[in-house]
Amino acid sequence: MSNRRTFENLSKWMQELEDNCGKIPTLLVGNKIDLDREVSREEGLDFAMKHGFLFMECSAKTGENVQDMFYKLINTCSGNF
């Protein structure tokens, strides 16, 4: 969330993911919410919704939502494997 250029590369990385893995449950994580923002929560959420991804924000530094994002992905994927 603190680097606009990273956000702008998401489409390219998303295509690489799909090319190599096919359609899989995907959780887009907006990290570094403890720093100054260059990308708003709304932008991240809009991107995720347009591509059928889950979305969460977290801070690896403070630990905010880190554990919750893994639980969210696991709960979404339960029964899909």
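Laboratory data are not the source of any read-out in this text; all were calculated from the coordinates shown. Note that the structure is predicted; figures quoted are calculated from it, not measured. Ideal geometry is used to build each Cβ from the backbone, glycine not excepted, and the neighbour counts take in all protein chains shown.
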Note to self: Restricting things to Cα coordinates, could you compute the convex hull volume per residue of the chain in Å³?
What the structure shows: 91 Å³
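Compare the peptides 13-23, 30-40 by average per-residue count of other Cβ atoms within 10 angstrom and give them in order, highest first.
Averaged packing, sorted descending, gives the order 30-40, 13-23.
Only helices at least 15 Å long along their own axis, judged from Cα atoms, and with Kyte-Doolittle mean hydropathy of -0.5 or greater: name those in the chain from DSSP H.
Numbers: long enough: 10-21 (16 Å, -0.92); 41-51 (16 Å, -1.11); 66-77 (17 Å, 0.27).
Span-like helices here: 66-77.
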